[in-house]
1. Can you name the condition, by its number, that PHE295 falls short on among (1) touching a Phe, Trp or Tyr at 6+ places or on another chain (Cβ under 7 Å); (2) closer than 30 Å to LEU144 by Cβ?
2. Does the stretch 114-159 hold any residues that are over 24 Å from ILE229 (Cβ atoms) and touching a His at 6+ places or on another chain (Cβ under 7 Å), and which are they?
3. Condition (residue is within 18 Å of THR167 (Cα to Cα) and at pLDDT below 95) applied to the stretch 259-268: is it met by at least one residue?
4. Every residue in the stretch 104-127 that is part of a loop (DSSP other than H, G, I, E, B) and modelled with pLDDT of 80 or more, please.
5. Go through (1) surrounded by fewer than 18 Cβ atoms within 10 Å (Cβ to Cβ); (2) under 22 Å from CYS244 (Cα atoms); (3) not β-branched (Val, Ile, Thr) one by one and return the number of the condition LYS94 breaks.
6. Restricting attention to the stretch 56-87, which residues are closer than 22 Å to ALA150 by Cβ, in contact with a strand residue (DSSP E or B) (Cβ under 6 Å, 6 or more places away or on another chain) and surrounded by 20 or more Cβ atoms within 10 Å (Cβ to Cβ)?
7. If LYS242 passes every condition in (1) more than 14 Å from the chain's Cα centre (by Cα); (2) over 25 Å from ILE151 (Cα atoms) but one, which one does it miss?
8. Go through the stretch 80-93 residue by residue and tally those that are touching a residue at least 60 places away in the same chain (Cβ under 8 Å) and among the hydrophobic types (A, V, I, L, M, F, W, C).
Amino acid sequence: MTLDDKISKNIAMTYEANDTLCKKDEIIETFYKLKDEKLHQWRCSVIKEAVVLGNSYAAAQFSGIYQALKLLGYTKAYLIARSGCLPHGGELNKEYSDPNYGCNEWIKNSFDEFLITVKPEMLIISARYSMFKHLMDPLPSADLYAKDFAIQELRNGIVNLSNFSRTLLFISPNADFDFSHIKVDEPRLSHLKSMINFTYNSASTIARNLQLNLSLDEFVLSKEYVYEITHASEVRLIEAIKDCSNCLFFNTTELFCDNNGCPLYDKKTQLAILRDQSHLSTIGVEMLTKPLFNFMSLKIT
């Protein structure tokens with residue numbers, strides 16, 4: 001069975017399998033009930049574990065990340081995610097406009113105790129950045145990076161997380177075109193709306209074109225658009241981890257784009273890679289899994 005076959009066969013079952021595993025997991029069952037105990041003494045015998053941190057992007061990608069980890073010999077992965085929040089963002093979480101996500105309160109909760117207990121071989125951080133103003137603001141000149149608020153906050157969060165694992169892997173966010181989080185009177189990114197000449201609500205948008213035997217050319221994002229969405233946050237993240245000896249960066253922009261642009265569908269199957277305007281679909285996650293596995297196989301010893 002090829003690697004592609006293994007990924008295709010297993011990825012759809014990952015959520016169910018992981019849910020069953022976590023229900024029986026002794027750390028999950030006892031961590032908040034017995035905080036004063038040394039929880040590791042109840043743990044089952046395992047080889048390697050990982051913790052995945054992030055927001056809704058991490059949750060959407062988790063099945064693929066977990067599959068890549070399994071292919072590398074990992075036996076368990078924990079997911080800690082909250083929509084709209086950054087576990088490594090510090091004060092950046094206070095700027096998100098929707099109070100329903102509770103980022104201000106969430107960031108006050110430390111992951112330290114849990115990470116000390118799990119002792120993960122790897123921390124994988126995947127997050128959507130486009131709703132955080134300071135991450136998307138125009139970049140200062142390189143000599144002023146040290147004073148950039150977003151870089152400072154990311155670096156502080158990353159320095160703390162780097163104490164808990166041998167490897168930190170940061171997955172860059174795929175580009176999105178959901179502008180609902182941008183205020184009407186805020187010019188930031190609003191000009192990008194004019195670069196989208198179609199209406200896309202879900203994967204069925206592309207399916208409808210296929211059913212009507214229509215071209216999919218309109219569902220190819222320009223590299224200019226993707227660059228404007230991803231570049232500033234990617235540069236800030238790369239700058240924040242540059243002094244972290246155990247940090248790695250995996251670039252998804254290179255994965256989902258080619259010389260002709262960035263299609264919102266898999267060219268092999270013509271199925272949509274996004275389930276909405278931002279998050280990867282099952283096909284999109286499947287496209288992520290093999291390159292992520294190859295990257296980790298090459299970079300992590």
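The values are calculated or read from the model by the stated rules, or taken from the named source; none is laboratory data. Small disclaimer: the values here were computed from a predicted structure and weren't measured. Because the Cβ atoms are built from the backbone with ideal geometry, glycine has one as well, and the counts that use them run over all protein chains shown.
1. Looking at each condition in turn, PHE295 falls short on (2).
2. THR117
3. Filtering the stretch 259-268 for residues within 18 Å of THR167 (Cα to Cα) gives none.
Scanning the stretch 259-268, I find no residue that is within 18 Å of THR167 (Cα to Cα) and at pLDDT below 95, so the answer is no.
4. The first filter runs over the stretch 104-127 and keeps only residues part of a loop (DSSP other than H, G, I, E, B), leaving 107-111, 119-121, 127.
The answer is LYS119, PRO120, GLU121, ALA127.
5. It is condition (2) that LYS94 fails.
6. At the first step, the residues of the stretch 56-87 found to be closer than 22 Å to ALA150 by Cβ are 56-58, 80-87.
Still in the list and also in contact with a strand residue (DSSP E or B) (Cβ under 6 Å, 6 or more places away or on another chain): 57-58, 80-81, 87.
The answer is TYR57, ALA58, PRO87.
7. (2)
8. 2
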